[in-house]
Amino acid sequence: MDDKTMKIAAVAAIAIIAIAGVAVFMMNSDDGKDDAKFEIMNVEGVDATVDNVINGSYTLQRGLILATKGTASGAVADLISYVLSAEGQAIVEDNDYIAVDSSAPAYKSTIDDKTSYSITIQGSTTVNPIMMAVEEEYEKIHPNVRISITANGSGTGAAAAIDGTADIGMLSRDLKTSETDAGLVPTVIGKDGIAIIVNKSVTGIDNLTLAQIAKIYDGTYTNWNQLGGVDHAIDVCGRESSSGTRGAFEELLSGKVAGFSSSSVTDKMVEFASNNALLTHIETTDYSIGYVSLGIALEAL
């Protein structure tokens with residue numbers, strides 16, 4: 001074989017290897033998509049996307065809130081201003097939530113770094129990862145500040161802020177009238193959608209209306225075939241009673257579906273203590289349905 005023939009053979013071999021590599025990559029990429037064991041439902045014909053939360057067309061959405069007893073002051077006010085700054089809003093987005101001000105100005109401190117401060121925060125497991133990241137960055141700037149954070153649910157966080165055992169309550173739902181009457185003042189630091197997720201065994205359905213979702217959660221619909229799907233019992237899943245995600249989900253439905261309220265929820269609903277625990281159940285349990293933070297659902301796909 002002469003040199004020219006050998007060069008042609010070598011080039012052909014390289015091309016074959018390259019094509020095979022691309023084919024393997026594409027196959028693996030497709031497999032990655034197929035590995036997802038749940039799907040996000042459209043609601044009222046609208047995709048659950050960040051853009052649709054921002055433009056308001058996706059109806060199941062909520063604010064992420066820091067609440068204080070009265071108007072915040074001192075180090076607490078400074079910490080909240082950090083969360084609303086360019087640096088803090090970047091942390092909100094890094095956690096797959098939606099910034100309330102994508103053009104926020106850079107952070108400017110208002111506290112005396114010669115003084116020591118302690119800030120206690122309790123509440124939403126949804127807001128917790130944001131504030132944990134905020135704590136890390138804020139304490140780098142202010143090593144004289146010590147922040148203590150406990151994730152124990154929006155309702156618990158609100159109560160702690162009201163009774164003074166926490167300086168800030170984290171909530172992933174709007175404040176209740178009773179909470180504002182007790183003096184809580186909300187600051188919205190981000191936005192999030194609530195995704196309706198189902199196991200991939202649920203077929204024949206890609207959209208649910210708010211009325212249908214309400215009837216699933218109040219126990220009116222017990223079989224997927226009542227919604228045009230497969231003939232199998234619905235495994236209804238949700239969050240625990242103190243969850244901000246549950247509170248927001250039920251409040252949103254209550255405001256949009258006549259006759260539905262938090263007391264309407266079927267006692268057959270399986271409760272989970274976190275978004276991730278519920279997500280894992282939906283991924284591994286046939287014919288199940290649940291609701292989680294949109295950011296968490298999109299990250300898991």
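The values are calculated or read from the model by the stated rules, or taken from the named source; none is laboratory data. Everything numeric in this text was worked out from a predicted model, so none of it was measured. As a convention, Cβ positions derive from the backbone with ideal geometry for all residues, glycine included, and neighbour counts pool all protein chains shown. Keep in mind that these areas ignore ligands, DNA and RNA; they rest on the heavy atoms of the full protein, side chains included. Shrake-Rupley method; radii C 1.70, N 1.55, O 1.52, S 1.80 Å.
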Next on the checklist: Suppose all protein chains stay in the model; what accessible area per residue would a 1.4 Å probe give for the chain, in Å²?
Outcome noted: 47
Checklist entry - Counting each DSSP H run of 4 or more residues in the chain as -39500 (n - 2.57), what helix-only mean residue ellipticity at 222 nm follows after dividing by all residues, to the nearest 500 deg cm²/dmol? => result -12500 deg cm²/dmol
Checklist entry - Which residues make up the longest stretch of the chain clear of GluC sites (Glu not before Pro) that lie in a DSSP loop with no more than 16 other Cβ atoms within 10 Å, not counting the sites? => result 45-239
Next on the checklist: Report for the chain the percent antiparallel among DSSP-assigned beta bridges with both residues inside it, nearest 5.
Outcome noted: 60
Checklist entry - So which helices of the chain fit the span-like rule, where a helix is a whole DSSP H run, its Cα atoms reach 27 Å or more along the axis, and its mean Kyte-Doolittle is at least 0.5? => result 3-35
Checklist entry - chymotrypsin sites (Phe, Trp or Tyr not before Pro) within region 180-232: which are DSSP loop residues with at most 12 other Cβ atoms inside 10 Å? => result none
Checklist entry - What FRET efficiency would be calculated for the residue pair THR220, ASP181, taking the C-beta separation as r and a Förster radius of 45 Å, to the nearest 0.05? => result 0.85
Checklist outcome for this item: Among region 153-192, those whose backbone N falls under 12 Å of a label point 7 Å along Cα→Cβ from ALA273 are 153
Item to check | trypsin sites (Lys or Arg not before Pro) restricted to DSSP loop in region 161-229 with at most 16 other C-beta within 10 Å | outcome: LYS176, LYS200
Checklist entry - Do any of LYS215/LYS256; LYS176/LYS268; LYS191/LYS215; LYS37/LYS191; LYS114/LYS140 go past 22 Å between their Cα atoms, and which? => result LYS176/LYS268; LYS191/LYS215; LYS37/LYS191
Checklist entry - VAL188 to ALA86: FRET efficiency via 1/(1 + (r/R0)^6), r the Cβ-Cβ distance, R0 25 Å, to the nearest 0.05? => result 0.90
Checklist entry - What spacing in nm lies between the two simple spin-label points modelled at LYS37 and THR150, each 7 Å away from Cα in the Cβ direction? => result 3.4
Next on the checklist: Could you work out how much longer the chain between ASN207 and THR266 gets when fully extended? Use 0.36 nm per residue separation minus the Cα distance between them, nm to one decimal.
Outcome noted: 19.1 nm
Checklist outcome for this item: Using alpha-carbon positions, the gyration tensor of region 47-176 gives root eigenvalues a ≥ b ≥ c; with a/c under 1.5 called rounded, otherwise prolate if a/b exceeds b/c, else oblate, the class is oblate
Next on the checklist: Which of the three applies to region 95-156, rounded, prolate or oblate, going by the alpha-carbon gyration tensor with a ≥ b ≥ c and a/c under 1.5 meaning rounded?
Outcome noted: oblate
Checklist outcome for this item: Toy charge model, Lys and Arg Cβ at +1, Asp and Glu Cβ at -1: region 149-238 dipole around Cα centroid in debye, rounded to 20, equals 200
Item to check | Apportionment of accessible area to carbon and sulfur, the chain, percent (1.4 Å) | outcome: 53
